[in-house]
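Comments concern the structure below.
The values are calculated or read from the model by the stated rules, or taken from the named source; none is laboratory data. Since this is a predicted model, take the numbers as computed values, not measurements. Don't worry about glycine lacking a Cβ; one is built from the backbone with ideal geometry, like all the others, and counts go over all protein chains shown. When the accessible area is computed, the model is the full protein with side chains, heavy atoms only, and any ligands, DNA or RNA have been set aside. Shrake-Rupley method; radii C 1.70, N 1.55, O 1.52, S 1.80 Å.
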Amino acid sequence: MMLGQPAQEQAQQSTPQQQTIPDGPKPQTIPDAPKPQALPVGPVTPGRGTTPDSNGDSSTSDDSSVPNKVPETAVQKADDAKEPEVPEAGQGPGAFKLIVHTNFVEIPFTVKDSKGHPVAGLSPREVRVYENNLRQQLSLFTADPFPLSVALVIDQSLGFQVMEQVNNSLTALQGAFTPYDEVAVFTYNNGPKMVTDFTAGPSARLTQALERSKSTGREMAYIPGGGLNQNISVNGGSESYIDPNTNSSHGRSQLGIQNLPREPHTLNDAILAAGTALAKSGAGRRRIVYVISDGKEYGSTAKLSQVVKYLNTNKIAVFGTLVGDSSLPIIGFLDRVHLPLMMRDNILAAYAYDTGGNFDGEFRQRGIETSFAKIAEEVRTQYTVGYYTHEPFVDGKYRPVEVKVLRPNLTVLAKKGYWPTAEDANASGIMPAAK
């Protein structure tokens, strides 16, 4: 503090001077800019926009705006002119099906060793498939089991004793199937008859069908008379000697020896009826005709070659259990080799050979019961190969096929050829289903 200065001035000098802050810039207004105007908004109508151009009535709102939809081309206008095909009521998507041109061939086969046991553990490199003597490139190889669709065919024209054995063994048949399998039952005597349509393997419906399939059998035919039907003549026929141990009417009949007509065994018709039912089963299932019979055939309308063609066309194999005289080793061997100029008494062997199946001959009831499980196991352990053939499917010609395994002392059971199916010959595309 300096002496001599007034107190008021000294107080002003001790207080620091405050700086003045200028005001912020004011917003500049453009006199020519138009003022924003509110758009007219009316009440909202369902299905329409809030403005005239937002409801899609016109392709463009004005010259400077973006179009709200793509302009239609000539192709789009032509498609719009076509009316869509409307299926009938209740059909829905089932009225249409996708048909794809394919030349894929599927061959199931069984491999057995020298003792007749199935061989497991084969690899794709050990299998060769030939069609028309040309090796095919495999596109599928699997040993996975398939669910079975089995049409069971029971012969009711057997003799009394054999029929009784079959009736007693039918209770063991149902145990060979799983819940994933479906079974239909057919019987035949003078003609085929469906006992039940396809049902689950362990179902009570199949149990009842097998019970209804039991029959008393048929009495075997015999020729009356025989070697002793003529009496002994003495002195050129003027006198005759009648054996008291024979009927006095022997030798006096004017008809002589009478030939009885052959009894019908319509096995061809029965297998064809079973195959027709199997052809309707869904894809992805193994189709099997299982026959319990002596293999004899007489009186059928269908022929063996016709039935075999139908089975191979629809991928159906024939397996079976031979009973009666045909199951004996000697008779069964003659039926398998089929010597020239000899009539085949057992045609079940021919069906199994031509369709890639197999059969088991059993003479006793215990063997018949175990045969069911043996055949079922053989079917489930089959291998499956597939390839794309280079042959045109539209010609419908028979194609011989051979499956070989590169291991010694093994037997391969497979069908010897196939006919292309009608559905494989269709062109690809989507079209209405057949009505």
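Kindly establish whether Leu148 is within 21 Å of the chain's Cα centre (by Cα) and closer than 28 Å to Lys296 by Cα. Yes: the conditions hold for Leu148.
Per-residue answers, yes or no, for (1) modelled with pLDDT of 90 or more; (2) among the aliphatic types (A, V, I, L, M); (3) assigned to a helix (DSSP H, G or I); (4) open to solvent by 10 Å² or more (accessible area, probe 1.4 Å):
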{"residue": "Phe109", "(1), (2), (3), (4)": "yes, no, no, no"}
{"residue": "Lys115", "(1), (2), (3), (4)": "no, no, no, yes"}
{"residue": "Phe141", "(1), (2), (3), (4)": "yes, no, no, yes"}
{"residue": "Ala184", "(1), (2), (3), (4)": "yes, yes, no, no"}
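From the residues in region 301-323 that are in contact with a strand residue (DSSP E or B) (Cβ under 9 Å, 6 or more places away or on another chain) and open to solvent by 50 Å² or more (accessible area, probe 1.4 Å), which one is nearest to Gly417 (Cα to Cα)? Of everything passing the filter in region 301-323, Lys315 is nearest to Gly417 (Cα to Cα).
Does Val195 satisfy being among the β-branched types (Val, Ile, Thr), in a helix (DSSP H, G or I) and either open to solvent by 20 Å² or more (accessible area, probe 1.4 Å) or farther than 23 Å from Lys280 by Cα (or both)? When the stated conditions are applied, Val195 does not pass them. Would region 327-342 turn up any residue that is outside any loop (DSSP other than H, G, I, E, B), under 30 Å from Pro145 (Cα atoms) and modelled with pLDDT of 90 or more? No, every residue in region 327-342 fails to be outside any loop (DSSP other than H, G, I, E, B), under 30 Å from Pro145 (Cα atoms) and modelled with pLDDT of 90 or more. Quick one: would you say Gln382 is touching a residue at least 12 places away in the same chain (Cβ under 8 Å), crowded, with 16+ Cβ neighbours inside 10 Å and more than 18 Å from Lys315 (Cα to Cα)? No. Arg205 passes every criterion in (1) open to solvent by 40 Å² or more (accessible area, probe 1.4 Å); (2) without any contact (Cβ under 8 Å) to a residue 24 or more places away in the chain; (3) within 30 Å of Val385 (Cα to Cα) apart from (3). When residues in region 119-137 are screened for being surrounded by fewer than 16 Cβ atoms within 10 Å (Cβ to Cβ) and not charged (D, E, K, R), 9 of them pass.
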